[in-house]
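Taking it in order: structure first as structure tokens, then the write-up.
The values are calculated or read from the model by the stated rules, or taken from the named source; none is laboratory data. Model, not experiment: these values are computed from the prediction. Because the Cβ atoms are built from the backbone with ideal geometry, glycine has one as well, and the counts that use them run over all protein chains shown. Protein only, heavy atoms only, side chains kept; ligands, DNA and RNA dropped before computing areas. Shrake-Rupley method; radii C 1.70, N 1.55, O 1.52, S 1.80 Å.
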Amino acid sequence: MPITRRPLRIAPSILASDFARLGEECRAVLDAGADWLHVDVMDGHYVPNITIGLPVVKSLRAALPDAFLDVHIMIDNPDVMGPRFVDAGADLVCFHPEASRHPHSTIQRIHDLGGKAGIAINPGTPLSCLDYLADDLDLILIMSVNPGFGGQSFIGNTLPKLHDLQDKLTAMDVDIDVQVDGGVRAENAAAIRRAGADILVAGSAIFKQQDYAEAIAAIRHQASLVDTV
Ligand code: DX5
Ligand code: ZN
């Protein structure tokens with residue numbers, strides 16, 4: 001059955017940017033046509049890598065008041081830290097349910113602070129983790145690599161999982177954004193969009209290219225081909 005798609009959005013992951021020139025890099029991708037900025041927060045516990053945290057989100061919020069800050073927290077204790085990222089200026093906070101003791105309450109607290117809330121689902125995590133939560137969410141992130149590092153290859157069975165997710169959301173009568181993160185590039189953007197993704201996160205496929213506008217346009221073009229059929 002054809003999927004009713006929400007508008008396509010491209011979210012460059014700043015993990016692949018030059019952190020020494022972060023503000024400049026963010027402005028460059030926004031000027032090049034990015035819809036959201038995807039901010040990967042890692043704590044060295046939930047995933048074996050450390051990136052950035054609250055002060056950086058706060059600075060980005062101040063420097064880029066109109067940018068949509070999509071903050072993906074790959075950290076322990078999202079129940080405490082998730083709401084603090086909304087306070088720091090995140091528009092959306094997406095957390096991993098395995099790391100949370102009280103996911104429903106965390107979603108509520110993010111909402112109470114005026115943020116949007118998402119759940120990130122790892123390649124090995126079943127979609128059943130959405131049961132009793134999906135109704136309250138703004139976004140579901142399907143991880144197409146294991147979290148922790150940029151530049152990995154897209155895991156193929158993400159595509160059938162996305163189809164299963166569409167079936168599940170239809171059965172639950174839930175209509176929310178679906179995001180895909182990890183190994184996204186122009187070459188697989190159409191297949192990912194066809195499987196039901198609304199927001200494509202791409203790090204290396206944008207920031208490791210010479211021309212950001214060209215890189216974003218190529219992903220958007222490939223994914224949009226699906227919308228016209
Ligand atoms: C992985 C991160 C991704 C990553 C994507 O843990 O959540 O956002 O930066 O990078 P690429 O597009 O290079 O796979
Ligand atoms: Zn991410």
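Here the chain is treated as a sphere whose radius is the Kirkwood value from Cα pairs; by Stokes-Einstein at 25 °C and 0.890 mPa s it diffuses with a coefficient of 141 µm²/s. Once the mean of 1/r is taken over each pair of separate Cα atoms and inverted, the stretch 39-132 shows a Kirkwood hydrodynamic radius of 13.3 Å. Debye-formula intensities of the stretch 1-87, expressed as log10 I(q)/I(0) at q = 0.14, 0.20, 0.22 Å⁻¹, are -0.53, -0.96, -1.09 (one equal scatterer per alpha-carbon, no solvent). Calculated FRET efficiency, Leu64 to Ile176, Cβ-Cβ distance, R0 = 22 Å: about 0.30 to the nearest 0.05. Accessible surface of the stretch 1-52, 1.4 Å probe: 53 percent of it comes from carbon and sulfur atoms.
In a DSSP loop and with at most 13 other Cβ atoms within 10 Å, the chymotrypsin sites (Phe, Trp or Tyr not before Pro) in the stretch 129-186 are Tyr132.
Inter-label distance, Gln210 to His163: 3.9 nm, where each label sits 7 Å from its Cα along the C-beta direction. Taking max minus min of the alpha-carbon positions on each principal axis, the stretch 143-216 gives extents of 43, 24, 18 Å, largest first.
Computed on the chain, with alpha-carbon pairs under 8 angstrom and 6+ residues apart, the relative contact order is 21 percent.
Between Asp79 and Asn146, residue separation times 0.36 nm minus the direct Cα-Cα distance comes to 22.0 nm.
Full extension of the chain between His45 and Arg21 yields a length gain of 6.0 nm, computed as 0.36 nm times the residue separation minus the alpha carbon distance.
Distance from the alpha carbon centroid of the stretch 71-127 to that of the stretch 20-36 works out to 24 angstrom. Shown is the FRET efficiency for Ser128 and Thr228, computed with R0 = 35 Å from the Cβ-Cβ distance and rounded to the nearest 0.05: 0.55.
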